[in-house]
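Visitor: Pasting in a structure now, in structure tokens, and then I'll have a few things to ask.
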């Protein structure tokens, strides 16, 4: 017994012979179509499994690349970046940002002091970029002999450090400061000094914890 359109058709029964040749041809064609559908359905199971496995693999790779590129976490240590970042804030770093571009003045960046991979990452704000001359005098920051007018109300700087004298930034050199200017170890300190592009890890763009500090920076 065979089925065409879910109806039983006995191709060996004598009644089958009573059908006209045209009708028999139509039923045989329908039976072949049904057989082809069953054959395709049997083949579709392994193909479906393969497609699902492929999609899961692609999703996994995309997730890995996304986390590696935009979701690496760094913890801000100490109070040097108050009020933008508090001590203990866990931040996300965009690694790709400085592989396709360059740090800009005002960026909050993660870098490794002295370029050492074993050094603890530090987080500071970029103040000076290549080609600029930086100096701190009378409690204020001067860039190319012009007072830097910042959008935030920072206190007067009481320690100029290395920036007491003008510092000309060369290609790939950056001058960084903590937002808490009088309680920060940064480019003013000989132990840190000028930060080069090779020391940069990426741009800090989001605080993930604690919950009360969560948001873009």
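Values in this text are rule-based calculations from the coordinates and carry no lab data. Fair warning: this is a prediction, and the values are worked out from it, not measured in the lab. Don't worry about glycine lacking a Cβ; one is built from the backbone with ideal geometry, like all the others, and counts go over all protein chains shown.
Visitor: Mind giving me the nanometre distance, one decimal, between the label points for residue 158 and residue 198, set 7 Å out from Cα along Cα→Cβ?
Guide: Label at residue 158, label at residue 198, 3.7 nm between them.
Visitor: What is the fewest-to-most order of 108, 143, 123, 56 by other Cβ atoms lying within 10 Å of their Cβ?
Guide: Result, fewest neighbours first: 56, 143, 108, 123.
Visitor: Right, next: Rank the residues 30, 49 as a footprinting-exposure proxy: fewest other Cβ atoms within 10 Å of their Cβ go first.
Guide: Ordered from fewest to most neighbouring Cβ atoms within 10 Å, 30, 49 come out as 49, 30.
Visitor: Can you put 158, 133 in order of Cβ neighbours within 10 angstrom, beginning with the fewest?
Guide: If I rank by nearby Cβ atoms, fewest first, I get 158, 133.
Visitor: For the pair residue 133 and residue 53, how long in nm is the line joining their label points, each one 7 Å along Cα→Cβ?
Guide: It is 6.7 nm.
Visitor: Run the simple label-point estimate for residue 183 and residue 171 please: 7 Å along Cα→C-beta, distance reported in nm.
Guide: About 4.1 nm, to one decimal.
Visitor: Next question, about the same structure. Can you tell me the length gained on complete extension of the stretch residue 86 to residue 205, counting 0.36 nm per residue apart and subtracting the Cα distance?
Guide: Between residue 86 and residue 205, full extension yields an extra 41.4 nm.
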